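**Student:** Sharing a structure, written as structure tokens. Questions coming.
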Amino acid sequence: MAAGDSEAEVISVQSPRCDDAAVTLDAIEAVDWSRIPGPADDPGLYDPGRAATGLRALATATGLVRAADAGSLLAGGGLLHDHSGAAFPAAVTAAPILLGIVRHGHPHAAATALGLLDDALAFASRDGRTRVATPYAEAVTICCALADHLRCERDLLAASGPEGGRLLADAARHWRFDVHEVAADAGGATVFGELAGRFPDGTRTAEAHRLGRAAPLPAQVALLYPLVADSPDACLRIDGAHPDELAPPTVLFPARCAADPAEPAAS
């Protein structure tokens, strides 16, 4: 796996589904939280005991105090470390569980879960070094992996008030493009596929994931045609790219998400 000029640790994480309240606790117990590493630069920040204990407590919380106590465990080394502004790979594993709590938990527990997801996405957006394996790509930044979980529960979050709406808006910035077909073009390539999230106006840089590799494209990416409302179908123009670099099942992500945190993010 290559990820530009900087090293990135790839973490394999489980993503249990939590479709109803009855399976939430089972999903928590099904994960060996001790096998999920901490952040690449400071693995000692992560406490797997806090992850498991905090999630169980949040899933069963019936009031404000218990929900707040559970949130403190999860924000103090369980899924993220709020004092350091760090999000852990465990946050990706826990995202479906937290979303299950939003759907089925006590209102105070649901609010706490939304706050944790919001912090995890914000913290992860500032650090592209640690990556996780997903079903669609093997070295995805934590922020983009979290964004996909959030998009899967679009209706739930849209119905969860202003914070749910903000989460969806933030997740949309972490777009993903699944390449289905590539055509050679003068000086580049045209790619057809499905877009998740919102592709920004103008040209952008992207990172291509294919066959276990993640590498920045030496090209500018732009929408070739306007998007059709409520359709994921999209067409991108990629100047200077060779079609072989983009053959399916290539997946594209915004390059800014993989930027070195010491470097200013591209606008």
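The values are calculated or read from the model by the stated rules, or taken from the named source; none is laboratory data. Quick caveat: nothing in here was measured; it's all calculated off a predicted structure. Neighbour counts are summed over all protein chains in view; Cβ atoms, including those assigned to glycine, are modelled from backbone coordinates with ideal geometry. Accessible surface areas use protein heavy atoms only, side chains included; no ligands, DNA or RNA. Shrake-Rupley method; radii C 1.70, N 1.55, O 1.52, S 1.80 Å.
**Student:** Scan region 212-230 and give yes if some residue there is open to solvent by 30 Å² or more (accessible area, probe 1.4 Å), among the aromatic types (Phe, Trp, Tyr) and more than 17 Å from the chain's Cα centre (by Cα), otherwise no. Before the answer, list the steps.
**Tutor:** Initially, region 212-230 is screened for residues open to solvent by 30 Å² or more (accessible area, probe 1.4 Å), giving 213, 215-216, 218, 220, 223-230.
If we keep only those that are among the aromatic types (Phe, Trp, Tyr) as well, we get 225.
When the remaining residues are screened for being more than 17 Å from the chain's Cα centre (by Cα), the result is 225.
Looking for residues that are open to solvent by 30 Å² or more (accessible area, probe 1.4 Å), among the aromatic types (Phe, Trp, Tyr) and more than 17 Å from the chain's Cα centre (by Cα), one finds at least one in region 212-230, hence yes.
**Student:** Those residues that are within 25 Å of Arg131 (Cβ to Cβ) and of a type in the set (Lys, Arg), I need them from region 75-113; list them, please.
**Tutor:** Within region 75-113, none qualify.
**Student:** From the set of residues in region 35-66 that are part of a helix (DSSP H, G or I), more than 12 Å from Ala94 (Cβ to Cβ) and in contact with a helix residue (DSSP H, G or I) (Cβ under 7 Å, 6 or more places away or on another chain), which is least open to solvent (accessible area, probe 1.4 Å)?
**Tutor:** Restricting to residues being part of a helix (DSSP H, G or I), more than 12 Å from Ala94 (Cβ to Cβ) and in contact with a helix residue (DSSP H, G or I) (Cβ under 7 Å, 6 or more places away or on another chain), the top hit is Ala57.
**Student:** In addition: Of everything in region 148-207 that's in contact with a strand residue (DSSP E or B) (Cβ under 7 Å, 6 or more places away or on another chain) and assigned to a helix (DSSP H, G or I), which residue is surrounded by the most Cβ atoms within 10 Å (Cβ to Cβ)?
**Tutor:** My answer is Asp148.
**Student:** Only one residue in Asp32, Asp69 is in contact with a helix residue (DSSP H, G or I) (Cβ under 8 Å, 6 or more places away or on another chain) and either open to solvent by 10 Å² or more (accessible area, probe 1.4 Å) or of a type outside the set (S, T, N, Q) (or both), so which one is that?
**Tutor:** On inspection, the qualifying residue turns out to be Asp69.
**Student:** A further question on this structure: Can you confirm whether Ala94 is within 18 Å of Thr53 (Cβ to Cβ) and either aromatic (Phe, Trp, Tyr) or touching a Leu at 6+ places or on another chain (Cβ under 6 Å) (or both)?
**Tutor:** Considered against the rule, which asks whether it is within 18 Å of Thr53 (Cβ to Cβ) and either aromatic (Phe, Trp, Tyr) or touching a Leu at 6+ places or on another chain (Cβ under 6 Å) (or both), Ala94 comes out as yes.
**Student:** Continuing with this model, one more query. Which one of Glu207, Glu194, Glu245 is among the acidic types (Asp, Glu), touching a helix residue (DSSP H, G or I) at 6+ places or on another chain (Cβ under 9 Å) and in contact (Cβ under 8 Å) with a residue 24 or more places away in the chain?
**Tutor:** Glu207
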